Amino acid sequence: MKVSNIILICSDAQVKAFQTRFTDVNLHAFASFEAVPQDLWIKAQALIDCSLEISDAQLAFYAQEIDGVVLVNGVANNVLSAFNALKDGKAAVATMNLWPTFVELPKAEISVPLEKHQHSIQQFFESFNWPFEKVACRVGLVTPRVIAMIINEACYTVQEGTAGMKDIDLAMKLGTNYPFGPFEWANRIGIENVHGTLAAMYQDTHEERYKICPLLKTYYLRKEAFPI
């Protein structure tokens, strides 16, 4: 089935990236789940929710209401907690790295928790010529997990007085060929997204390596970007 109506739940800054990705499609963008008009759920053949946190009740609603594909932000959401709702719903559900700036990358990072949904998800991405890489269904996926940990460790390095933010950014770009240093990357992603992802990973695993550095927490609570 050709997808002609997609509901987007994302920030204004992310809409442009999706408009570039989905041409000749009616994109209905909203800032929140609550803002979506009731009659639109019937028309939509796909939904993409970039929200950092999505409740099990929302996931169950998506699974029942969307007769098509549902992509939700997988960096801080464990969709397996709503497994029964996904199993019995109409929608083919996948999680995805929907951090800001990552939709623009050439290849999507996705996880498909139910085997029966694999074909529908694959068809969706192929219909838009969007290459993808499948990863295990776990909070943080792969790329966000790694980058969040790098940013967190960089914060510890600054907190300990070993190096400054600008020096660390420059060293990472020159030494690893990363497109951005950890602090510039955190600002682009949004410190609230990095903080929320680390918090979700720690809640999921209780591993010490995901404990949030006090310096990162300070900037998160102040709602300030790193001064680089």
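The values are calculated or read from the model by the stated rules, or taken from the named source; none is laboratory data. Since the structure is predicted, the reported quantities are computational estimates derived from the model, not experimental observations. Every residue, glycine among them, receives a Cβ derived from its backbone with ideal geometry; neighbour counts consider all protein chains shown.
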Seminar exercise, completed: Scanning region 64-76 for residues that are of a type in the set (A, V, I, L, M, F, W, C) and closer than 22 Å to Trp99 by Cα, the one surrounded by the fewest Cβ atoms within 10 Å (Cβ to Cβ) turns out to be Val72
Exercise. Out of curiosity, is Asp204 within 26 Å of Val112 (Cα to Cα), out of contact with any strand residue (DSSP E or B) (no Cβ under 8 Å at 6 or more places or on another chain) and not assigned by TED's automatic domain parsing to the domain that holds Gly74?
Worked result: yes
For this session: Quick one: in region 92-122, of everything that is farther than 16 Å from Cys137 by Cβ and in contact with a helix residue (DSSP H, G or I) (Cβ under 6 Å, 6 or more places away or on another chain), which residue is surrounded by the most Cβ atoms within 10 Å (Cβ to Cβ)?
Result: Trp99
For this session: Hand me the list of strands (runs of 3 or more DSSP E) wholly inside region 63-138 holding 1 or more residues that are among the β-branched types (Val, Ile, Thr) and free of Cβ contacts under 8 Å to residues at least 60 places away in the same chain.
Result: 69-73, 92-96, 108-111
Seminar exercise, completed: In region 1-47, anything within 20 Å of Leu59 (Cβ to Cβ), free of Cβ contacts under 8 Å to residues at least 12 places away in the same chain and either among the polar types (S, T, N, Q) or crowded, with 18+ Cβ neighbours inside 10 Å (or both) is listed as Gln38
Exercise. Within region 16-42, how many residues turn out to be out of contact with any strand residue (DSSP E or B) (no Cβ under 9 Å at 6 or more places or on another chain) and under 15 Å from Ile66 (Cβ atoms)?
Worked result: 3
